[in-house]
Amino acid sequence: MRARGAACLLFLTVFVGGAVPRSVAAEPDSFAGLPSPARPVGPLVVVGAAGLGPQDVDAARTPNLWALLRDGSSAALNVTAVHGSTCPLDGWLTLSAGNRASQPDDGTPAPPCGPLPPVQGGVVTGWEVLAAAADRRPYGSKLGTLAQSLAGAGRCLSATGPGAALGAALPGRGAVPGYRPFDQPTLTAALAACPTSLVDVGAVRDPAVRDPAALDPAVRDPAALDPAEAGPDDPAGPARSRAEQVALVDARVGQVVAAAPAGADVVVIGLADSGTRAGLRLALAAGPGFPPGTLTSASTRQPGLVQLADVTATILSRAGVPVPDAVSGSPLERLPAGDGPATVERRHAGLVDADLASQAVQPVVLPFFVTWALLMLVALAALGVMRWRGLGGVGLRRSLRRGVRQGLVVFATVPAASFLANTLPWWRFSRPAVGLVLAVAAWSALLGAAALGGPWRRSVTGPLGAVAAMTMLVLTGDVVTGSRLQISALLGLNPVVGGRYYGLGNVAFALLAAAAYLLAVAVSSRLVHVGRRRLAALSVALVGAVAVVVDAAPAWGSDAGGPPALVPGMAVLVLAVLRVRLGWGRVALVAGGTVLVVLAVAILDWLRPASSRTHLGRFVQSVGDGSAGAVVSRKLAQNVDTLLHST
């Protein structure tokens, strides 16, 4: 009994101790491996160009944007707001709130984009309706957070253009002090009026897109539109091709750069999608605070990938204003660029690659895994059929069964191979879907050969344990090195969706948990077979400890939902290996240890600086400020929706 008690105590001690984040007390303001954000004191000009993407930038066609890319820092920008695609109105409202927001809609998945409301008498028309729509959504977004935070600290914010008015509007009536329309002769004075300026240079919209709401005279009077500013969706002015729209945006960006105050940093963001298909947009930042390099943020932890709410946090941080908890982003940070003339070309190619991969992987996921599952079921059915004595001779049936079993082992490596496929540039194929399937097949063949070719192949559980070990190694190795393989993977994190950018997503956790359990079973079964039960129990505890630490540590997996699934299962497996009966007292002990692990991880994450917290620490903070109910309700609604509507 002392040995059994010691094994259980060791199990819980390893889990609780191992779940402590790395260097909690000594961690800097930003996450490990990245420099702290630079905070120069010069003016900041944020330029919104809705729909502008990485592939729109070219040295010859867009000289002004290319100059910002060459001389500044860059990243792919997630603009996901509420719906499947983000309208220009949604993007500006999200910038205002620092969190997801959108226009009122009828509940359809992709409502048509409405026009930007006009500014009359220094007030955004219909602001109360927009604010009420944001309040009804489960994101806790408050329109006007940006302007209110700056005004409360005595900071000035100017707005030029109708979209910028939305970003700079104050709560309440939507007042925009000092608003000016986009006018080149007065642009210099407009940008000099405040240390922080928002400028709307227009939108790039797909020519095929037509937004019926733009024709509603009650929303926007077509006669009031300037034909020179009309986009392809506006009833005034001729429809323009995408290239013409990008050229117009580039010219206006050049005007803004020329009119910006001396020593100003200019940030250009494509803060909305250009049509009904979502994608990554462009983020450029140039000036004294942003020399050549790559943009990132603590909210994404991914070099070259930021989100729209990060721009809100950057504006506040640059102004010396604390970023409120309602803002879901973190200030932009810069990673230095390498030397050499091809640096700007490499950075641009990386942005294009990120956009291509994120869009190309989405339509492949469902048919790929439906086909994979059906083939697995066919193989399992074939094994059953081959047991019929009337089907050929014994030797033939045995050979067929062996071949099918080996094929199933190779098929079992597909989840791990789907992550390793991102080590190959499959998205550059003329048919990216074919390139992705070939990359997965190549890695599956290599992993399958390893599972079937090692000395463990002689054991019944050997190939099973080998596949589980390789799957666990791929996932843990990826998580501790920054979750790079998960980005735009078939079973990973899609940056267009924007639900998570680092750590372990739901599917990746399910794979890690399954691999950990199967590996623990394979190893412990062998040890139990030779009479080494205590060593078998220790092996289960160690495998489980690795899985829990990798999954729960804020610096790595950052997954609050993982330990409640992993810890009880591993504890039961330890007790089963030791032949200890699971009574109510031990059930309570396991449950208490599980709660202790989750609380320890969450509270230790909460004790870190606010800019370094993951969603674990932010949830603890929401409990303190009374907003946890909305978070729980949103998560519950998402889970119910996934259960009932997701294939």
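The values are calculated or read from the model by the stated rules, or taken from the named source; none is laboratory data. This structure is a prediction, so every number in the text was calculated from the model and none was measured. Cβ placement follows ideal geometry from the backbone for every residue including glycine, while neighbour counts extend to all protein chains displayed. Calculation scope for accessible area: heavy atoms of the full protein, side chains included, ligands and nucleic acids excluded. Shrake-Rupley method; radii C 1.70, N 1.55, O 1.52, S 1.80 Å.
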| query | If you count the DSSP beta bridges with both ends in the chain, what percent of them are antiparallel, to the nearest 5? | reply | 45
| said: For a Förster distance of 30 Å, can you work out the FRET efficiency between the beta-carbons of Ala258 and Arg173, rounded to the nearest 0.05? | reply: 0.30
| remark: In nanometres, the difference between 0.36 nm per residue of separation and the alpha-carbon distance of Arg61 and Arg579 is 179.2 nm
| request: Quickly work out the Val595-to-Gln120 label distance, labels modelled 7 Å from Cα along the C-beta direction, and quote it in nm with one decimal. | output: 5.8
| note | the chain: relative contact order from alpha carbon pairs under 8 Å, six or more residues apart, as a whole percent, is 17
| request: Give the residue from Leu464, Gly561, Val124 lying farthest towards the positive end of the charge dipole for the chain; charges sit on Cβ (+1 for Lys and Arg, -1 for Asp and Glu) and the dipole is referred to the Cα centre. | output: Leu464
| said: Order 424-433, 354-363, 192-201 from most to least packed using the mean count of other Cβ atoms within 10 Å. | reply: 192-201, 354-363, 424-433
| query | Ser633 to Arg387: extension gain in nm, 0.36 nm per residue of separation minus the Cα-Cα distance? | reply | 83.5 nm
| task | Add +1 for every Lys or Arg and -1 for every Asp or Glu among the other residues with Cβ under 14 Å from the Cβ of Val467, and state the total. | result | +2
| In nm, to one decimal, how far is the modelled label at Ala349 from the one at Arg457, with both set 7 Å along Cα→Cβ? | 3.9
| query | What value, in deg cm²/dmol to 500, does the helix sum -39500 (n - 2.57) over DSSP H runs of n ≥ 4 give at 222 nm once divided by the residues of the chain? | reply | -16500 deg cm²/dmol
| request: Select from Ser488, Ala309, Leu408 the residue farthest towards the positive end of the dipole of the chain; place +1 on Cβ of Lys and Arg, -1 on Cβ of Asp and Glu, and compute about the Cα centre. | output: Leu408
| Gain in span if fully extended, Val497 to Ala239, counting 0.36 nm per residue against the direct Cα distance | 89.9 nm
| query | With every protein chain present, what accessible area does Cys87 have (1.4 Å probe, heavy atoms only), rounded to the nearest 10 Å²? | reply | 0
